[in-house]
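Presented below is the structure to which this report refers.
The values are calculated or read from the model by the stated rules, or taken from the named source; none is laboratory data. Note that the coordinates shown come from a computational prediction; the quantities given were computed from them, not determined experimentally. Backbone-built Cβ (ideal geometry, glycine too); neighbour counts: all protein chains shown.
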Amino acid sequence: MLKEAGIEIRPGLVQNMMDKLRQFKMKLVLFDDVAPALDKLKGRGLILGLISNVERDISATLHELGLPAWIEIVVTSQDSGSVKPQPGIFQEALRRAKVRPSEAIYVGDQYHVDVTGARGAGMEGILLDRWGFYEDRTDCLRIRSLDELEKTL
């Protein structure tokens, strides 16, 4: 994320940031647009999945957020043996969903990792740019909220 934001990664910077983050008690919550958007997409009979670069079991976190009600397929870098933007993690999700790349879209909030990664696997990548960080990216569909997603399908 730092690289995507144009921040020079100096030795010790990431470790210092992680040390600071560990000092805070944080609770993950969904953005307000997530549940309504997932309800609409699921109501259309779409197969919904999650692809994440994590090297641990995230089942408890997904349950805490209520995501299993919508998400059928979860593929992590731990499961697939590859990380975004490598095609393997996306291909594993496609295999589990039993769909061709041309039948799938991937929505992510990082251009390089998510959009180019999805493209590398033959999928369409949609950029979720909530805060307008990627206004210069005109080579992909860019949305500001998941409320916009259903209209684009």
**Asked** Inside the range 1-57, can you point out the residues that are outside any loop (DSSP other than H, G, I, E, B), of a type in the set (S, T, N, Q) and closer than 30 Å to residue 147 by Cα?
**Response** 52
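Yes/no per residue for (1) of a type outside the set (Val, Ile, Thr); (2) loosely packed, with under 14 Cβ neighbours inside 10 Å; (3) free of Cβ contacts under 8 Å to residues at least 40 places away in the same chain; (4) farther than 21 Å from residue 2 by Cα:
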position: 61; (1), (2), (3), (4): no, yes, yes, yes
position: 79; (1), (2), (3), (4): yes, no, yes, yes
position: 86; (1), (2), (3), (4): yes, no, yes, no
position: 101; (1), (2), (3), (4): yes, no, yes, yes
position: 105; (1), (2), (3), (4): no, no, no, yes
position: 109; (1), (2), (3), (4): yes, no, yes, no
position: 116; (1), (2), (3), (4): no, no, yes, no
position: 127; (1), (2), (3), (4): yes, no, yes, no
position: 148; (1), (2), (3), (4): yes, no, yes, yes
**Prompt:** What do you reckon, is residue 5 surrounded by 10 or more Cβ atoms within 10 Å (Cβ to Cβ), out of contact with any Lys or Arg (no Cβ under 9 Å at 6 or more places or on another chain) and small (Gly, Ala, Ser)?
**Reply:** no
**Message:** So the check is Cβ under 8 Å with 6+ separation or different chains; which pairs have a first residue in the range 33-47 that's at negative phi and a second one that's of a type in the set (Gly, Ala, Ser) and not in a helix (DSSP H, G or I)?
**Reply:** 33/145; 35/66
**Message:** If I ask for residues that are of a type in the set (Asp, Glu) and in contact with a Leu (Cβ under 8 Å, 6 or more places away or on another chain), which ones from the range 113-153 would you list?
**Reply:** 114, 124, 150
**Unmet criterion (only one of (1) in contact with a strand residue (DSSP E or B) (Cβ under 8 Å, 6 or more places away or on another chain); (2) buried (at least 18 other Cβ atoms within 10 Å of the Cβ)) for residue 91** = (1)
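Just give me the residues in the range 129-141 being touching a residue at least 24 places away in the same chain (Cβ under 8 Å), within 18 Å of residue 33 (Cβ to Cβ) and surrounded by 14 or more Cβ atoms within 10 Å (Cβ to Cβ), in sequence order. Before the answer, list the steps.
So in the range 129-141, the residues touching a residue at least 24 places away in the same chain (Cβ under 8 Å) come out as 130, 133, 137, 140.
Retained after the next criterion (residues that are within 18 Å of residue 33 (Cβ to Cβ)): 130, 133.
133, the sole residue that qualifies.
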**Residue list for the range 23-43, filter: loosely packed, with under 13 Cβ neighbours inside 10 Å, in contact with an Asp or Glu (Cβ under 9 Å, 6 or more places away or on another chain) and either farther than 24 Å from residue 92 by Cβ or at pLDDT 95 or above (or both)** = 27, 36
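Rundown of residues vs (1) at pLDDT below 95; (2) farther than 17 Å from residue 52 by Cβ; (3) part of a helix (DSSP H, G or I), yes/no style:
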residue	(1), (2), (3)
68	no, no, yes
84	no, no, no
91	no, no, yes
95	no, no, yes
106	no, no, no
116	no, no, yes
122	no, yes, no
130	no, yes, no
150	yes, yes, yes
**Prompt:** Pairs, please: C-beta under 6 Å, at least 6 apart or cross-chain, first residue farther than 17 Å from residue 35 by Cβ and in the range 64-76, second modelled with pLDDT of 95 or more and not aliphatic (A, V, I, L, M)?
**Reply:** 73/49; 73/96; 75/92; 76/52
**Asked** Condition test on residue 144, is it over 17 Å from residue 35 (Cα atoms) and without any contact (Cβ under 8 Å) to a residue 60 or more places away in the chain?
**Response** no
